[in-house]
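Since the structure comes first, as structure tokens, the remarks are kept for the end.
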Amino acid sequence: MSPADNNIKLILLGFGVALFSACIGIGGGTLLVSLLMSIFNFDFKKAAATSLATIIPISFTGAVVGSIISGNLPGPIIKKIFGIFLFLIALNYIIEAFYRKHGSVI
């Protein structure tokens, strides 16, 4: 993967995290650090530093776009989306822990 492709994916990840975080009202760092470690294989220190460096642009973008979208979605739908997202993150952690312990998922 070329650095340019990686940069585009990182930018898209940032926008996605900002949007999702703004819609449900949580800090994006929790999501961003987890996703940087899972998808881009960042170590924890690099993921945390990257997350801290992106606070201002992600917050601004998320506030603008998230307010537009969340204003059009009913609260119960936002809660369901958030619940599904948390379930998928938890499932990912369980699978990764099992893989680390046993060497394979199956």
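The values are calculated or read from the model by the stated rules, or taken from the named source; none is laboratory data. Values in this document were obtained by computation on a predicted structure and should not be read as measured data. Quick reminder, even Gly has a Cβ in these numbers, built from the backbone with ideal geometry, and neighbours come from all protein chains shown.
Descriptive notes on the structure:
- Cβ pairs under 9 Å, 6+ apart, first in the range 1-24 and among the basic types (Lys, Arg), second assigned to a helix (DSSP H, G or I) and at pLDDT 85 or above: 9/39
- Qualifying residues in the range 50-81 (those that are within 13 Å of residue 29 (Cα to Cα) and surrounded by 14 or more Cβ atoms within 10 Å (Cβ to Cβ)) - the one modelled with the lowest pLDDT: 58
- Leading residue by the ranking (nearest to residue 21 (Cα to Cα)) among those in the range 32-82 that are touching a Gly at 6+ places or on another chain (Cβ under 7 Å) and assigned to a helix (DSSP H, G or I): 62
- Residue in the range 31-42 that is touching a residue at least 40 places away in the same chain (Cβ under 8 Å) and among the polar types (S, T, N, Q) present: yes
- The residues of the range 23-49 that are of a type in the set (A, V, I, L, M), at pLDDT below 80 and either on the phi > 0 side of the Ramachandran plot or more than 12 Å from the chain's Cα centre (by Cα) (or both) amount to a single one, 24.
- Residues of the range 1-50 that turn out to be under 26 Å from residue 70 (Cα atoms) and of a type in the set (Lys, Arg), as a count: 1
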